[in-house]
Amino acid sequence: MKSDIKNISDREILFNSIVTQYGTHNLNKSQASRVLNRSIPSLDRDRANSKGPAYKKDKSGNVYYPVISIIDWLLKVEHTYESQGFNYE
């Protein structure tokens, strides 16, 4: 089924849902992998190849993904699939 998260109110609902579930605006790799349905090694590979959602590193080298970056990346991926003629239904 096709996702329809295009307008601001839907983005806010998705943002609030993720923040409520995880209690933070920045997800660690494990949390991000669950939200994105991707393995941690896949996320690591994406970062090494400058792909995937935007991320931040703290002074200790821990990686965090801002929730808004995850949402934007998901919407970008969905748009890319649609423009290539993929149909979710």
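The values are calculated or read from the model by the stated rules, or taken from the named source; none is laboratory data. Bear in mind that the values here come from a model prediction, so they are computed numbers and not experimental data. Positions of Cβ are generated from backbone atoms using ideal geometry, with glycine treated the same way; all protein chains shown enter the neighbour counts.
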Can you tell me which of (1) in contact with a helix residue (DSSP H, G or I) (Cβ under 7 Å, 6 or more places away or on another chain); (2) at pLDDT 95 or above; (3) part of a helix (DSSP H, G or I) is the one R47 doesn't meet?
(1)
If the Cβ limit is 7 Å and pairs must be 6+ apart or interchain, which residue in the range 13-39 that is within 11 Å of I70 (Cα to Cα) and among the hydroxyl-bearing types (S, T, Y) pairs with which residue that is in a loop (DSSP other than H, G, I, E, B) and modelled with pLDDT of 95 or more?
S33/S39
Have a look at Y64, Y55 and point out the one that is in contact with a Lys or Arg (Cβ under 6 Å, 6 or more places away or on another chain), modelled with pLDDT of 95 or more and buried (at least 17 other Cβ atoms within 10 Å of the Cβ).
Y64
Can you tell me which residue among S69, S9, S33, S42 is in a helix (DSSP H, G or I), small (G, A, S) and modelled with pLDDT under 85?
S9
